[in-house]
Every structure is written in C-alpha cells, then in structure tokens.
1. Consider L151 carefully, then state whether it is within 19 Å of H76 (Cα to Cα), in contact with a Phe, Trp or Tyr (Cβ under 7 Å, 6 or more places away or on another chain) and either among the aliphatic types (A, V, I, L, M) or open to solvent by 60 Å² or more (accessible area, probe 1.4 Å) (or both).
2. Taking the range 67-88 as the region of interest, how many residues are over 11 Å from P56 (Cβ atoms), away from the ligand (no atom under 11 Å from the Cβ) and acidic (D, E)?
3. Report whether or not E158 is over 17 Å from the mean Cα position of the chain (by Cα) and among the acidic types (D, E).
4. Any idea which residue in the range 230-249 is farthest from the ligand (Cβ to nearest atom), counting only those that are assigned to a loop (DSSP other than H, G, I, E, B) and touching a residue at least 12 places away in the same chain (Cβ under 8 Å)?
5. Taking only the range 199-229 into account, find how many residues are under 19 Å from A245 (Cα atoms), open to solvent by 40 Å² or more (accessible area, probe 1.4 Å) and in a loop (DSSP other than H, G, I, E, B).
6. Could you run through the range 164-199 and say how many residues are under 30 Å from N14 (Cβ atoms), out of contact with any Asp or Glu (no Cβ under 9 Å at 6 or more places or on another chain) and hydrophobic (A, V, I, L, M, F, W, C)?
7. Mind checking which residues of the range 168-185 are at pLDDT below 95 and either away from the ligand (no atom under 12 Å from the Cβ) or open to solvent by less than 10 Å² (accessible area, probe 1.4 Å) (or both)?
Amino acid sequence: MYIKLPDGKFRLTNDGTLELFFIGTGFAFARTLFQTNFFIVKGDTHILVDFGSTGPNALAAVGIEPTDISVFLPTHSHCDHIGGVEFLSLLNRYVGVSVLKKPKLRMIINEEYQDILWNMSLRGGMEFNEVSAYGNRLTFDDYYDVARPTLKTTSPRETWEIDFNGIKIEIFRVNHIPGNSTSAGTAFITYGLFIDNRIMISGDTKFDMSLIELYADRAEYIFHDASLSPNPVHASLSELRGLPADIKKKMFLMHYSDDWRNFPVDDFAGYARQGERYIFD
Ligand SMILES: [Zn+2]
C-alpha cells in the first residue's frame, strides 16, 4: 500500500491513483521530525493540506519549490498547520505570479474560516506589502483564488464537501481546542478530512469516539492524531489503544513527538512516516 521514495524526491503528479505524501508527521514542537503537513495527489492535481512553521524546510527536503504549489487547504490556525502560510503566500505572489506568471494560489476554504484565518492570523504580515494611491491595502483575494466547499450537513457534525478536480473531500469539524470544549460544535474551528470516500484524516482532535464511529466503517484507512503522552487537546496513544482491533489495524498514527521509537505500535497499521508515498489503488 505504500512505498518509500525511490530517489528521495517527491512529485506533484502521478498516474491518477489517490496518493498521500506527508512532508512531516511530527507534532507542533517536533525538532527532528517536520510538522504534520501533507499532500493529496491524484493525476495532475495536488492539494497541500496545512503548512506549518517547519513547512519551508520540509518542502526543501523533498525537492519541492514553494512556487510549484498550486492548491492549499488549511485545517486550523495553530502554528504547526499555518505557520508557513505567509511564506508560501508571499513567495507565490511575488515570485510565482509576478515573475513566473503562474496563477494565484488556490485555497480551499469556507467563508467562516477564511474570515478567521485572514483577520486573526495572516493580515498582520500580508496586508501592508502594497498600498495603492487610494490607500487600499491587500486583501485575501489579492493572494488567493478561493475554491468554496459547500455545506453538506450540520448533523451529527458540521461537514462541508468539495470535488476538486476529481478529488472528493468531506471537511468535518472536530473537537480539538480549547481543552474544555466537549463537542466539535462548541470547539474553535478545526477540520478533519474524508478523502474520496476512502481515507479519513482525523485532523487535530481529542479522542472522540463519535468521530471514529462516524467514519470507521467507510474508511479503508484512518490517519489519526496521536499524542504519545496524555494531552488535553490531542488523542493520546493510550486512548487509541482502547479501540477495537479491526479499527486499529487500519489506523496510521500521525502528529507524534520525536521519541516515537520508544513507543511500539504493532497493534496499529503503524506510524505514518514522512517521506513515504501512501498509494491507494
Ligand atoms: Zn492544533
């Protein structure tokens, strides 16, 4: 089901098979691993999901130029998921668009999260780079062409959907932060993904049995947030170990700390590993 990179280089196109490629699998404070950011690739289409503060170096490690990236999907506003977005966006505007004549970066995002991402995180570094004679500052739309998912349902949890050039993605709310939030609906916006009706990505989430049950039957594989020690806003390995064996067998763990080798996970599909191609044929 997955192969190591034959030559250490990753490509943004393939033969049309659904593929996941993690440029990092570490948690926010990982120092030897890069943060959990990944590509979805299918044919000529790629989507970069999250781009944290280690993203620029993680891209370089697999030979991808930031200006090669066309499509971005952010799951939430923590630094290990969007800390590199300003880098990515400025490079795409001032090199990709201006010099290389590429189209603007596309961003898959709904209106609610766009407003949060721009006004609470990105504006400070991106709004003032150019100001017109009329005093107009740059806006979200100057940097990105937006691809809007549509609302699929609000029950049992808010879920959005998009078919992006043949990659179908359900984008569902999860219960990540703050530590005392008790449901996805009351938590601050954080999303997980269900890709092509086959692959579930939990996103950053507390252990949430209702979420796992929602996708366990339909998912061929689950990539799940896994903190190796107890954590108030992330599912812990010990919580995940309590899952039924058939679910654990198809569950890869991601978003883990640098000491992962001290925690064998033979009861799971394994650790998702950065630099390996996961190909679902
Ligand atoms: Zn987070």
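1. When the stated conditions are applied, L151 passes them.
2. 1
3. So E158 fits the description; yes.
4. K249
5. Result for the range 199-229: 4.
6. 1
7. N180, S181, T182, S183, A184, G185
Residues checked against (1) at pLDDT 95 or above; (2) within 23 Å of G24 (Cβ to Cβ):
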| position | (1), (2) |
| --- | --- |
| A187 | no, no |
| R198 | yes, yes |
| A272 | yes, yes |
| F280 | no, yes |
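The values are calculated or read from the model by the stated rules, or taken from the named source; none is laboratory data. All of these numbers come straight from a predicted model, not from anything done at the bench. Every residue, glycine among them, receives a Cβ derived from its backbone with ideal geometry; neighbour counts consider all protein chains shown. Surface areas here come from the heavy atoms of the whole protein model, side chains and all, with no ligands, DNA or RNA. Shrake-Rupley method; radii C 1.70, N 1.55, O 1.52, S 1.80 Å.
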